[in-house]
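The values are calculated or read from the model by the stated rules, or taken from the named source; none is laboratory data. It should be emphasised that the depicted structure is a prediction, and the values quoted were computed from it without experimental measurement. Heads up, the Cβs are rebuilt from the backbone with ideal geometry, glycines too, and the neighbour counts pull from every protein chain shown.
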Number of protein chains: 2
Amino acid sequence: MSASFEDIEGRGKTKKSEYKDAIPDLRNELVAAQQALLKARRPVMVVFAGVDGAGKHEMVNTLNAWMDPRGIMTHAYVEPNPLEKERPLFWRYWRDLAGNGQIGLYLSAWYSRPLLLRVHRQISKDLFNQHLREIEKFEQTLCENGVILIKIWMHLGKKDQRKRLEKLSSDPNTEWQVKPGAWENWGHYDRFIELSEEIVQKSAKGPSPWLIVDGKHKRTRTLRVAREILSRLEAALETPEPVLANAARTSKGSPKRLSKGLSMSAWNRRMKPKRGQLAKMDLSKTLERDLYKKNLKSLQRKLYQLQHQAKLKKISTVLVFEGQDAAGKGGAIRRLVQGLDAQEYSVIPIAAPTDEEKAHHYLWRFWRHLPRAGRVTIFDRSWYGRVLVERVEGFARIPEWQRAYAEINEFEHQLCDHGTVLIKFWIQIDKDEQLRRFEERKKTPYKQWKITEEDWRNRKQWDAYAAAVDDMVALTHAPKAPWVLVEGNDKAHARIKVLETVCQHLEVALKQTPG
Amino acid sequence: MSASFEDIEGRGKTKKSEYKDAIPDLRNELVAAQQALLKARRPVMVVFAGVDGAGKHEMVNTLNAWMDPRGIMTHAYVEPNPLEKERPLFWRYWRDLAGNGQIGLYLSAWYSRPLLLRVHRQISKDLFNQHLREIEKFEQTLCENGVILIKIWMHLGKKDQRKRLEKLSSDPNTEWQVKPGAWENWGHYDRFIELSEEIVQKSAKGPSPWLIVDGKHKRTRTLRVAREILSRLEAALETPEPVLANAARTSKGSPKRLSKGLSMSAWNRRMKPKRGQLAKMDLSKTLERDLYKKNLKSLQRKLYQLQHQAKLKKISTVLVFEGQDAAGKGGAIRRLVQGLDAQEYSVIPIAAPTDEEKAHHYLWRFWRHLPRAGRVTIFDRSWYGRVLVERVEGFARIPEWQRAYAEINEFEHQLCDHGTVLIKFWIQIDKDEQLRRFEERKKTPYKQWKITEEDWRNRKQWDAYAAAVDDMVALTHAPKAPWVLVEGNDKAHARIKVLETVCQHLEVALKQTPG
């Protein structure tokens, strides 16, 4: 791979006969690889970036023609639409992630925006570099979770692009195909290429290298791209033990030992993890019935008003509720939403994933539910399942849940960076209180649905869960994405603490957001 | 049920003790019904309509508190957002349909818009009545496909609503809760009630009766609504053989006999079905190679320009491709999309439904994919599977596929009514040609994936499929949603006919749409 685009210009033109002879075998092998991928349940994502007119769209059409198009999804991006703008930048790419066995083709995707904004000096060098770092993390989490990522940069020399534009402009039938700003962009050609080289160089360190192709000769570029995709697919298929996203595991880690074995990576040091927070909680905290009733009403009224202000200022809120079985998550959520307008919130209960969800990166189903501007999404259990139940039960492999801390921090960082208010509640009860509640649930007919065999099984793993929670809180607490530990033995205390915390955070966010 | 709201006003207030005593049993029974519904995989949709301030939102909160909130989804609607406006009116209600075992609560849903528009005289009486008819059809297809639909109209007397507004307005803490236009709406109270009575009377003929509740006393209305929901759920659970949406069937219909047994219902007469269209096709039509190549390029160029114009005028296009196995759907679609900008189209291959799709009305997954304004969606197989494979293989019961013709006509009518260009291609080959292509696919390595055991099985059902296709074309052809029969024995002829047809229809649509 070359970092200078000029080096790859001027490669010879492939003869027509040579091209025709090559196709049948190439198609056979591509189709065979596609079928093998389907069996292996691997997702493939092919990113096409580069110069307009270098043949990106034609390449997409060719791949659809040569392979089984039922397994291929093409995504092409323009300016974010209104609903996309209301979510973090990467929301639409997460939404369009390829599932297991699918091949996604991405045109003008995540590299396009930072490049064009920087070409036109609409973002600073720092922001441009930050964009690139975020892309690197995005691609890293995809690759680590089983995505085969292939990146193609399609180049066209300055003269060749001018010729192409001139040819289109000279014919009244094709003149309109020269998009507004195309000539202006060509005027920035040198700067465009300089920044493209910078992107390619910087992202070469990422998990997937670039193939740079000169788009001048159609047959040459088509063979080159198709062969590269083929060889990348074949190489991925030969990987002895690919780590598939969300596949259930049988081998079970020993969480207690391994939680201590987590290396002090950069993000870890930055977060200064403090373990042992849960042990320090004072679970004897209570609140009197009268005071509870009074506070409940006034806090719900306050919340109603704050959320109304937040809506006007387009501040979104994401609330996460985690806790042991019977810790009182549902009850706390109900008291909370009584202070919200039904049009403004959604409660997302997280149960077993659907088969569509299972076929994607484990964060995919949470990205889907991010709120629109000014709305509230409440997750009743969340992405933290990865480092709680999936870790304890061994549904995730050890490296999977270990790297999840960093993946979750990155996800939450993007949410906060977008201006979303994010609060994560851990409601803690002790073992005696849980038993008391289990027994009560068994006795009260309309509460019996709340208690299952699984709850009793989980209870036996109390200590393993406690270690997992301790790691989770230590490794994913951040000033902008705080864990709030809620003493749950007294339900009244817990519910009021949740309401108070949400109100406090909204007040701070409202103060910091200009009207 | 009363059609006059005044009759239900002034019911007594429930005593606090009576209310408290009633709750435990009621909750028990509601939870039991919810669990039975989950087991029976029945979807429930509860619509709340009526006067602002009558307690709709509080009722939703109460139901969430009393039942298992993990099985309840609340949807509240405001003005359609930009992406909702780009689809037919009912798109957002289809998107939010309850799945099997789920309970959906709908606030300010489909009754809200026609009512308010008519109150403010923004739509004519005729359009208002048309809205109501569309709602009736929508509810009918839901109920016929297994949805338990419960409709609650929450009323509030004129004086009671005024009092409520005055109370809110008098306190600076609650003043802002009086929404803009609330007092103006109250000024239209009599007209609002008159039209509400009209709605309730007219939609009483629909598949689900209204419960009209006076919202004046909180405890009274809460018990009344909860008990009504409970009794409706219990009644539905006792239905001996509910027809579940999309459940696989073992009993197989005899399509040949039954296709003739279809009654001449109103829509059937209106459509004047002409059977025997397929037998009249001249499958010997061919196109010379040179002419094909020339036409292909020029039509693709033409399509590119037409679609560009359509995009500017925000005209959406939906194309449906059906045909026997190996009829050439994929090849025709590929030649078509070569004439489209990759950013402007999506090809949706319809394979076996995901489990999420299986848990919904069979049309749900197609509604999801409707294009945004100015874009093209191409369905490679479609909703017609209901009256083709599901009919022939017995996956749908006889009444299910028989009523599907009317359901599909209604769906397509809404699409066309929204201004979408809709064309349905049936590509027909004869039995010899199919055999020839199957053999060729077996021989060509990169085409082997196209041929499966299922194709050979389907081939044995050739005549049953032919009868189903004949019915389908006769019963779902409409001037604005035409079936275009494509002679497919010669691929060149078929591909050109498809391209020509799409261009023609776009030209007509462009002429009819003001710039």
If I filter the range B:94-113 down to residues being more than 12 Å from chain A (Cβ to nearest Cβ) and within 28 Å of residue B:375 (Cα to Cα), which single residue comes out as nearest to the chain's Cα centre (by Cα)? B:94
Search result, residues across the range A:299-346 that are over 25 Å from the mean Cα position of the chain (by Cα), under 20 Å from residue A:380 (Cβ atoms) and polar (S, T, N, Q): A:300, A:307, A:324, A:338, A:343
Within the range B:357-370, can one find any residue that is surrounded by fewer than 21 Cβ atoms within 10 Å (Cβ to Cβ), of a type outside the set (A, V, I, L, M), in the same structural domain as residue B:422 (by TED's automatic domain parsing) and more than 22 Å from residue B:97 (Cα to Cα)? no
Is it true that some residue in the range B:297-319 is buried (at least 19 other Cβ atoms within 10 Å of the Cβ), outside any helix (DSSP H, G or I) and either within 14 Å of another protein chain (Cβ to nearest Cβ) or not aliphatic (A, V, I, L, M) (or both)? yes
Do we find a residue being of a type in the set (Val, Ile, Thr) and surrounded by 20 or more Cβ atoms within 10 Å (Cβ to Cβ) anywhere in the range B:459-471? yes
Could you grab me the full set of residues in the range A:205-217 that are small (Gly, Ala, Ser) and closer than 12 Å to residue A:135 by Cα? A:206, A:208
Within the range A:19-27, identify whether any single residue is among the aromatic types (Phe, Trp, Tyr) and outside any helix (DSSP H, G or I), and answer yes or no. no
Give me the residue from the range B:58-93 that is over 23 Å from residue A:86 (Cα atoms) and of a type in the set (Phe, Trp, Tyr) and, out of that set, nearest to the other protein chains (Cβ to nearest Cβ). B:66
So, in the range B:447-489, of the ones that are part of a loop (DSSP other than H, G, I, E, B) and touching a residue at least 12 places away in the same chain (Cβ under 8 Å), which residue ends up nearest to the other protein chains (Cβ to nearest Cβ)? B:451
Counting only residues that are under 30 Å from residue A:191 (Cα atoms), crowded, with 20+ Cβ neighbours inside 10 Å and not hydrophobic (A, V, I, L, M, F, W, C), how many does the range A:5-51 have? 1
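So that you can scan it fast, the table gives a plain yes or no per residue for (1) surrounded by 18 or more Cβ atoms within 10 Å (Cβ to Cβ); (2) among the basic types (Lys, Arg); (3) assigned by TED's automatic domain parsing to the domain that holds residue A:378:
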{"site": "A:409", "(1), (2), (3)": "yes, no, yes"}
{"site": "A:417", "(1), (2), (3)": "no, no, yes"}
{"site": "A:428", "(1), (2), (3)": "yes, no, yes"}
{"site": "A:434", "(1), (2), (3)": "yes, no, yes"}
{"site": "A:442", "(1), (2), (3)": "no, yes, yes"}
{"site": "A:495", "(1), (2), (3)": "yes, yes, yes"}
{"site": "A:498", "(1), (2), (3)": "yes, no, yes"}
{"site": "A:502", "(1), (2), (3)": "yes, no, yes"}
Residues of the range A:5-43 being among the β-branched types (Val, Ile, Thr), in contact with a helix residue (DSSP H, G or I) (Cβ under 6 Å, 6 or more places away or on another chain) and more than 14 Å from every other protein chain (Cβ to nearest Cβ), in sequence order, are A:14
Does at least one position in the range B:45-66 carry a residue that is more than 30 Å from residue B:180 (Cα to Cα) and not in a helix (DSSP H, G or I)? no
Inside the range B:171-214, can you point out the residues that are within 14 Å of another protein chain (Cβ to nearest Cβ), among the acidic types (Asp, Glu) and part of a helix (DSSP H, G or I)? B:175
Exactly one of A:121, A:113, A:87 is farther than 30 Å from residue A:355 by Cβ and assigned to a loop (DSSP other than H, G, I, E, B), and that residue is A:121
If a residue must be closer than 23 Å to residue A:224 by Cα, in contact (Cβ under 8 Å) with a residue 12 or more places away in the chain and out of contact with any His (no Cβ under 9 Å at 6 or more places or on another chain), how many such residues does the range A:147-181 contain? 14
